[in-house]
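This report refers to the structure that appears directly beneath it.
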Amino acid sequence: MKLLAIDDLNLEDETVFVRVDLNTPIDPNTGGLMEKERIKEAAVTIRDLDCAKVVLASHQGRVGRPDYISLEPHATILSDILGKEVKFTEDIFGPTARWEIANLKKGEVLLLDNLRFIAEENKEFKPEQAAKTVFVQRLYKLFNACILDAFPTAHRAHPSIVGFSYILPTCGGRLVVKELKALNRVTTAAKGPFITALGGSKVTDRMEAIEALINNNRADKVLLSGLIANIFFKAMDKIKYKLGISGEDEIIEKARSLLAMYPQTFELPQDVAVERSGERVEISVNELGKDEVILDIGSKTIDSYSRVIRSGGTIFMSGPAGVFEKSGFEVGTEGLLRAMASSLGTTIVSGGHLTTALQKFGIKEWIDYASTAGGALVLYLAGKRLPLIDALERAAERVEK
Ligand code: 3PG
């Protein structure tokens with residue numbers, strides 16, 4: 001893989017479009033950001049761009065979800081981390097944003113608002129089409145270069161990833177280079193058996209990724225928890241209520257066919273935790289009440305999954321095992337992460353939730369690699385091509401020619 005890094009471009013006094021990923025889980029009770037990991041990682045690249053005029057762009061959340069909010073709080077946190085002002089505009093490609101960009105001075109940093117507030121940034125495009133979107137066309141002439149540093153969004157062919165990079169001199173940011181280097185190191189060392197522990201609530205992309213992981217011989221065992229376990233329970237008729245996921249029937253059908261195709265690969269929780277009268281209660285799935293929601297895996301499951309994790313040659317964990325932000329229901333996530341930390345295999349932990357949890361439990365140094373990426377990393381490990389990496393390779397080839 002060939003790509004350019006920041007040091008390969010002369011950015012002195014240039015205006016640079018920097019696509020970072022500041023997407024952060026939002027506390028459902030307070031509406032505040034739940035962690036700062038990705039913002040801290042973005043700061044590494046920004047610190048190295050003091051010689052330039054920096055225009056930062058990121059998405060936050062998904063349309064219609066409670067985490068679909070403005071990036072204004074992110075600008076405040078980033079200012080604190082950098083120790084200098086990060087300007088913020090509620091605009092993205094309108095006259096205000098364009099004026100702010102055109103009037104930036106060397107060393108200044110401007111953050112545009114949530115890219116997903118514009119329709120085009122919620123769609124996937126081929127690079128040449130992305131370059132023609134209104135978003136890219138309105139802005140690209142104001143930029144001299146593009147830096148792609150949004151590794152967690154590497155799997156999205158959105159205009160901010162594949163559009164500007166199609167037209168402008170483009171390189172990878174510090175985070176992208178760090179992630180690719182570390183992943184190259186751990187995947188080169190990888191040996192079987194390959195264990196994947198999958199939890200969390202983003203399920204749509206995961207079904208495709210699970211199949212790719214299995215086909216790519218990267219998942220001898222898949223330990224399911226979180227919402228994805230619910231989908232498989234539903235496919236087995238063990239949960240009766242609707243899960244409220246878009247495209248639910250199709251996803252459940254996919255789970256059913258995966259179970260039929262790979263009956264030995266999947267493990268589902270033997271016991272689960274629910275809330276009864278404000279307390280954590282562990283029951284078997286057959287004892288679930290009519291509308292009772294699973295909030296965590298139970299102790300028997302933690303024990304059996306931990307044994308599998310410790311027997312692995314390479315173990316990959318993505319997504320919390322339950323609603324770990326709710327007191328009493330972080331037990332499963334902590335148990336599995338502790339099993340990862342004490343495993344002798346190569347361990348890779350994915351996504352901001354789990355990285356923050358590793359820090360909270362004081363076991364991050366025992367994990368071989370903790371990545372900021374969630375869905376993008378699963379697809380990367382499954383051997384899929386990622387649009388952001390393709391864009392960087394194309395940009396490097398252009399320079400060679
Ligand atoms: C992530 O958190 O995985 C990335 O920011 C991508 O977010 P998305 O799955 O909403 O595209």
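The values are calculated or read from the model by the stated rules, or taken from the named source; none is laboratory data. Keep in mind it's a predicted model, so treat the numbers as computed, not measured. Cβ sites come from the backbone with ideal geometry, for glycine too, and all protein chains shown count toward neighbours. When the accessible area is computed, the model is the full protein with side chains, heavy atoms only, and any ligands, DNA or RNA have been set aside. Shrake-Rupley method; radii C 1.70, N 1.55, O 1.52, S 1.80 Å.
Can you tell me which residue within segment 153-181, out of those that are part of a helix (DSSP H, G or I) and open to solvent by 10 Å² or more (accessible area, probe 1.4 Å), is farthest from Gly375 (Cα to Cα)? Explain how you work it out, then say what you get.
Narrowing segment 153-181 to residues part of a helix (DSSP H, G or I): 153, 159-167, 174-181.
Pick out the ones that are also open to solvent by 10 Å² or more (accessible area, probe 1.4 Å) and you get 166-167, 174-175, 177-178, 180-181.
On the way: Tyr166: 24, Ile167: 27, Arg174: 20, Leu175: 16, Val177: 18, Lys178: 18, Leu180: 15, Lys181: 18 Å.
It comes out as Ile167.
When the residues of segment 6-19 are filtered to those that are out of contact with any Lys or Arg (no Cβ under 8 Å at 6 or more places or on another chain) and assigned to a strand (DSSP E or B), which remaining residue is farthest from the ligand (Cβ to nearest atom)?
Ranking the qualifying residues of segment 6-19, first place goes to Phe17.
Within segment 332-348, identify whether any single residue is outside the structural domain of Ala157 (by TED's automatic domain parsing) and within 15 Å of the ligand (Cβ to nearest atom), and answer yes or no.
Just the residues of segment 332-348 that are outside the structural domain of Ala157 (by TED's automatic domain parsing), to begin with: 332-348.
Right, trim to within 15 Å of the ligand (Cβ to nearest atom) and you get none.
No, there is no match, as no residue in segment 332-348 is outside the structural domain of Ala157 (by TED's automatic domain parsing) and within 15 Å of the ligand (Cβ to nearest atom).
Going through segment 358-381 one residue at a time, which ones are open to solvent by less than 10 Å² (accessible area, probe 1.4 Å) and either at positive phi or away from the ligand (no atom under 14 Å from the Cβ) (or both)?
Across segment 358-381, the qualifying residue is only Leu358.
Within segment 236-252, is even one residue open to solvent by 10 Å² or more (accessible area, probe 1.4 Å), within 21 Å of Arg38 (Cβ to Cβ), within 16 Å of the ligand (Cβ to nearest atom) and in contact (Cβ under 8 Å) with a residue 24 or more places away in the chain?
For segment 236-252, residues open to solvent by 10 Å² or more (accessible area, probe 1.4 Å), within 21 Å of Arg38 (Cβ to Cβ), within 16 Å of the ligand (Cβ to nearest atom) and in contact (Cβ under 8 Å) with a residue 24 or more places away in the chain: absent.
With the condition kept exactly as written, say whether any residue in segment 127-147 is within 16 Å of the ligand (Cβ to nearest atom), closer than 14 Å to Val378 by Cβ and buried (at least 17 other Cβ atoms within 10 Å of the Cβ).
In the first step, residues of segment 127-147 are kept if they are within 16 Å of the ligand (Cβ to nearest atom); the result is 130.
Filter once more, so that each one left must be closer than 14 Å to Val378 by Cβ: none.
Looking for residues that are within 16 Å of the ligand (Cβ to nearest atom), closer than 14 Å to Val378 by Cβ and buried (at least 17 other Cβ atoms within 10 Å of the Cβ), one finds none in segment 127-147, hence no.
If you go through segment 316-324 one residue at a time, do you hit one that is away from the ligand (no atom under 16 Å from the Cβ) and touching a residue at least 60 places away in the same chain (Cβ under 8 Å)?
Checked against the condition, which is being away from the ligand (no atom under 16 Å from the Cβ) and touching a residue at least 60 places away in the same chain (Cβ under 8 Å), segment 316-324 yields at least one hit.
For Ser327, are the conditions met, namely being open to solvent by 10 Å² or more (accessible area, probe 1.4 Å) and in contact (Cβ under 8 Å) with a residue 12 or more places away in the chain?
So Ser327 does not fit the description; no.
Name the residues in segment 150-183 that are within 18 Å of the chain's Cα centre (by Cα) and away from the ligand (no atom under 16 Å from the Cβ), would you?
Matches in segment 150-183: Gly172, Arg174, Val177, Lys178, Leu180, Lys181, Ala182.
What is the one condition in (1) modelled with pLDDT of 95 or more; (2) more than 30 Å from Lys326 (Cβ to Cβ) that Glu211 does not satisfy?
Only one criterion is unmet by Glu211, namely (1).
How about segment 18-42: which of its residues are touching a Leu at 6+ places or on another chain (Cβ under 9 Å), open to solvent by less than 30 Å² (accessible area, probe 1.4 Å) and under 12 Å from Ala150 (Cα atoms)?
Passing the criteria: Val18, Arg19, Val20, Asp21, Leu22, Ile39, Ala42.
Taking segment 195-213 as the region of interest, how many residues are more than 16 Å from the ligand (Cβ to nearest atom) and open to solvent by 20 Å² or more (accessible area, probe 1.4 Å)?
1
I'd like to check which helices (runs of 4 or more DSSP H) are fully inside segment 288-401 and have at least 1 residues that are under 21 Å from Leu224 (Cβ atoms).
In segment 288-401, 299-310, 331-341, 352-361, 375-381 are the helices (runs of 4 or more DSSP H) which contain 1 or more residues that are under 21 Å from Leu224 (Cβ atoms).
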